Amino acid sequence: MSGILSFSSIVLPDWCSTSRRGVRMAAAHTTHAGLSLEAMAIKPPSHPTYDLNGIIKLALAEDAGNRGDVTCMATIPVDMEVEACFLAKEDGIIAGIALAEMVFQEVDPSLKVEWSRKDGDYVCKGLQFGKVYGRAHSIVVAERIALNFMQRMSGIATLTKAMADAAYPAYILETRKTAPGLRLVDKWAVLIGGGRNHRLGLFDMVLIKDNHISIAGGISNALRSVDQYLERENLQIEVEVETRTLVEVKEVLQYASQMKTSLTRIMLDNMVIPLPNGDVDMSMLKEAVELINGKFETEASGNVTLKTVHKIGQTGVTYISSGALTHSVTALDISLKIDTELALEVGRRTKRA
């Protein structure tokens, strides 16, 4: 199963089902667009080479092409100022507020932004949770890029929150199955949703997977090669090995009992067995956890869905990883609407309406 779901199947707090009409902004926070890392409610993962501002610039350049927004230039007076409101059109976890501010900052540093929610908060359908005020042209140019980031991140955060709650006491992780170029953005959304990050890339953890094992000539050979490499390079880094059978689990444990090793975690891959009746058999996973007996962290992978994650979390595994958090994301529906009454008022004041 892919783990794809609609947000209607995710249980949100009771207050999300109360009246959704005429919600007023409360406890709002106003800033100039653009947040420092220190001001962010939940900071993005730290990556040595990822350029978040560069991703924003690339997204804006992709949209602008070689002419810019010809529709705005044709229809919106350059000096007109308006107010636009962020509106949640579904219940879910909001994410990407800090990134949206970075988009507005890049387009026009004079824009002012106001929020009544922060990254990681619940929003209900119909809730007006933010406003941006300033030059109409700038707001409309930034609109789609800001919303694209927010909708994707909010979708990831909403599913992550549901998975993380169900997985307890195990921790939920994403994988490297992220959108190309959006690795940090996707993983940031997982943190906002209450999950934890797996390795950011190929550089920050050794993960010995099935292909490495096959090429190395077996799981013990692969582990030995890793230990020798880390000692030779004087590297201290986490090491995880993938196991697919109880025989492989036993071989890893035997190797670790006889050799000094940097191994920190054992992945238990596809040990959750789907049954014809739609249920899952956890006996193999439970036996693997019992064999390891706390000597190493454990990570369950494969057949992880909202229906199975609670049972998996009860087996004693440390972590549960799910590629579906990012590779099968369903965007949360959010819109940004111009306050037409204010636009008319400003237009009259400037004799443009």
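Against the conditions (1) outside the structural domain of VAL309 (by the TED database); (2) surrounded by fewer than 20 Cβ atoms within 10 Å (Cβ to Cβ); (3) not hydroxyl-bearing (Ser, Thr, Tyr), where does GLY130 fall short? Just the number, please.
Going through the list (1) outside the structural domain of VAL309 (by the TED database); (2) surrounded by fewer than 20 Cβ atoms within 10 Å (Cβ to Cβ); (3) not hydroxyl-bearing (Ser, Thr, Tyr), GLY130 breaks only (2).
Just to be sure, is ALA324 closer than 30 Å to ILE145 by Cβ, of a type in the set (Gly, Ala, Ser) and crowded, with 16+ Cβ neighbours inside 10 Å?
Against the criterion (closer than 30 Å to ILE145 by Cβ, of a type in the set (Gly, Ala, Ser) and crowded, with 16+ Cβ neighbours inside 10 Å), ALA324 qualifies.
Would you mind stating whether ILE237 is in contact with a strand residue (DSSP E or B) (Cβ under 8 Å, 6 or more places away or on another chain) and surrounded by fewer than 15 Cβ atoms within 10 Å (Cβ to Cβ)? Talk me through it step by step, then tell me what you get.
On the way: in contact with a strand residue (DSSP E or B) (Cβ under 8 Å, 6 or more places away or on another chain): yes; surrounded by fewer than 15 Cβ atoms within 10 Å (Cβ to Cβ): yes.
The answer is yes for ILE237.
Here is a yes/no grid of residues against (1) in contact with a helix residue (DSSP H, G or I) (Cβ under 7 Å, 6 or more places away or on another chain); (2) open to solvent by 30 Å² or more (accessible area, probe 1.4 Å); (3) over 30 Å from VAL123 (Cα atoms):
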residue	(1), (2), (3)
TYR50	yes, yes, no
GLY54	no, no, no
LEU58	no, yes, no
ASP63	yes, yes, no
CYS72	yes, no, yes
THR75	no, yes, yes
ASP79	no, yes, yes
CYS85	no, no, no
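Among the residues of the stretch 100-111, is there at least one that is in the same structural domain as GLN151 (by the TED database), more than 27 Å from MET205 (Cβ to Cβ) and in contact with an Asp or Glu (Cβ under 8 Å, 6 or more places away or on another chain)?
Within the stretch 100-111, not a single residue is in the same structural domain as GLN151 (by the TED database), more than 27 Å from MET205 (Cβ to Cβ) and in contact with an Asp or Glu (Cβ under 8 Å, 6 or more places away or on another chain).
Residues of the stretch 283-308 being open to solvent by 20 Å² or more (accessible area, probe 1.4 Å) and within 13 Å of LEU253 (Cβ to Cβ), which ones?
GLU287, VAL289, GLU290, LEU291, ASN293, GLY294, LYS295, PHE296
Would you point out the residue of the stretch 198-231, among those that are part of a loop (DSSP other than H, G, I, E, B) and out of contact with any strand residue (DSSP E or B) (no Cβ under 7 Å at 6 or more places or on another chain), that is most open to solvent (accessible area, probe 1.4 Å)?
Keep residues of the stretch 198-231 that are part of a loop (DSSP other than H, G, I, E, B), which gives 198-205, 209, 217-218.
Next, only the ones that are out of contact with any strand residue (DSSP E or B) (no Cβ under 7 Å at 6 or more places or on another chain) stay: 200-204, 217-218.
On the way: LEU200: 17, GLY201: 7, LEU202: 132, PHE203: 98, ASP204: 53, GLY217: 56, GLY218: 22 Å².
The residue in question is LEU202.
How many residues does the stretch 172-188 contain that are at negative phi and in a loop (DSSP other than H, G, I, E, B)?
8
Find the helices (runs of 4 or more DSSP H) located wholly in the stretch 42-112 whose residues include 1 or more that are acidic (Asp, Glu), and list them. Let's see the steps before the verdict.
Details: elements: 52-64, 70-75, 97-107.
Those helices (runs of 4 or more DSSP H) span 52-64, 97-107.
The values are calculated or read from the model by the stated rules, or taken from the named source; none is laboratory data. Quick caveat, the model's predicted, so the values are computed rather than measured. In this analysis, Cβ positions are derived from the backbone assuming ideal geometry, glycine residues included, and neighbour counts consider all displayed protein chains. Calculation scope for accessible area: heavy atoms of the full protein, side chains included, ligands and nucleic acids excluded. Shrake-Rupley method; radii C 1.70, N 1.55, O 1.52, S 1.80 Å.
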